[in-house]
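Accompanying notes for the structure given below.
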Amino acid sequence: MNAATSMTPLRLLVVDDHTLFRRGLIALLQADARFTVVAEAGDAGEAQRLAAQHRPDVILLDNHLPGVKGVDAIAGLREVAPQARVLMLTVSEDEADLAQALRGGAAGYLLKTADIEVLAQAILRAQAGQATISPEMTAKLVSAFQALPTAATAAEPPPQPPAPADPIDTLSPREREILECIAQGASNKEIARTLSIAEPTVKIHVQHILRKLGLSSRVQAAVYASRRQGPEGNGG
């Protein structure tokens, strides 16, 4: 304890939208010679600005903030203050929040029901690169890990997607008619006359045919259709 108090106090940023709780917490922390609160914020945006300005050692971060949740603010805080450790201090016992916080790089996850000395030790551990999880959340953390795929499952090859449908099956009946005309060497004007439709409409259909078949020209479309006529004519 004496060694800790002889050291430079850890610089803290307290982020919580409940003013009374925030001020009470700050008063308790300021009474401990191991810490000094350099700034306080009521939302994620203000916290990010103050973190960049004051460069705290540890950020105490609530989860239920207005606008942006605490777990969603971790990345931004670590970006503007990469030296800071983020310690979640929240009422949320949601397993998803816990998992997201740890994945986002939080140095710990503590419930607000924790004793002030437990919080103090968690802050010191966070600064030392050690994680602290509230006992109430430990079982949920275990459940989260158990829900992850095992190494054997992860090693299994992913299921193969079904074979792609024959591209020609994507064509509409009208597009099939136009493709047959293209195979016979007919121009857009001749196709329009044969099918009694407008020439611009034929042009649009041709564009759709080329896109659906992955072709780049009418010549390719004609060759494609000619090759298909034999098997199709035989019922293939």
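The values are calculated or read from the model by the stated rules, or taken from the named source; none is laboratory data. Quantities reported herein were computed from a predicted structural model and do not represent experimental measurements. As a convention, Cβ positions derive from the backbone with ideal geometry for all residues, glycine included, and neighbour counts pool all protein chains shown. Note: areas computed on protein heavy atoms with side chains; ligands, DNA, RNA excluded. Shrake-Rupley method; radii C 1.70, N 1.55, O 1.52, S 1.80 Å.
Karplus-based coupling profile of segment 187-197, in residue order and whole Hz: 7, 4, 5, 5, 5, 4, 5, 5, 9, 6, 10, with θ = phi - 60° in 6.51 cos²θ - 1.76 cosθ + 1.60 and x standing for Gly or Pro. Close amide H partners of D57, meaning residues 5 or more places away or on another chain with modelled amide H under 5 Å apart, are R11, L12.
A simple count of charges around P9, restricted to other residues whose Cβ falls under 12 Å of its Cβ and scoring Lys, Arg +1 and Asp, Glu -1, yields 0. Report the local net charge at Q130: Lys and Arg +1, Asp and Glu -1, summed over other residues whose C-beta lies under 15 Å from its C-beta. So the environment of Q130 carries a net charge of +1. Computed from phi, the 3J(HN,Hα) profile of segment 69-74 under the Karplus parametrisation 6.51, -1.76, 1.60 (θ = phi - 60°) reads 5, x, 4, 7, 9, 4 Hz, with x in place of Gly and Pro. Let me know the shape class of segment 1-99, please: from the alpha-carbon gyration tensor, a ≥ b ≥ c as square roots of the eigenvalues, rounded when a/c is under 1.5, otherwise prolate if a/b is greater than b/c, or oblate. Prolate is the answer for segment 1-99, as a/c is 1.5 or above and a/b outweighs b/c. Per-residue accessible area (protein heavy atoms, 1.4 Å probe) orders T36, T19 as T19, T36, starting from the largest.
Cross-link reach is defined here as a Cα-Cα straight distance under 27 Å, omitting same-chain residues fewer than 8 places apart; for K212 the lysines meeting it are K189, K203. Straight-line cross-link partners of K69 among the aspartates and glutamates, defined as a Cα under 20 Å from its Cα and at least 8 positions apart when in the same chain: D16, D17, E40, D43, E46, E79, E93, D94, E95, D97. Measuring between their Cα centroids, segment 39-53 and segment 63-138 lie 16 Å from each other.
Where does each of V202, V38, V91 land when they are ordered by accessible area, with a 1.4 Å probe and the largest first? Spell out each step's value before the answer.
Details: V202 0, V38 35, V91 95 Å².
So the residues, ranked largest to smallest area, are V91, V38, V202.
Taking a Cβ cut-off of under 13 Å around H54, the surrounding Lys, Arg, Asp and Glu residues balance to a net charge of 0, with basic ones at +1 and acidic ones at -1.
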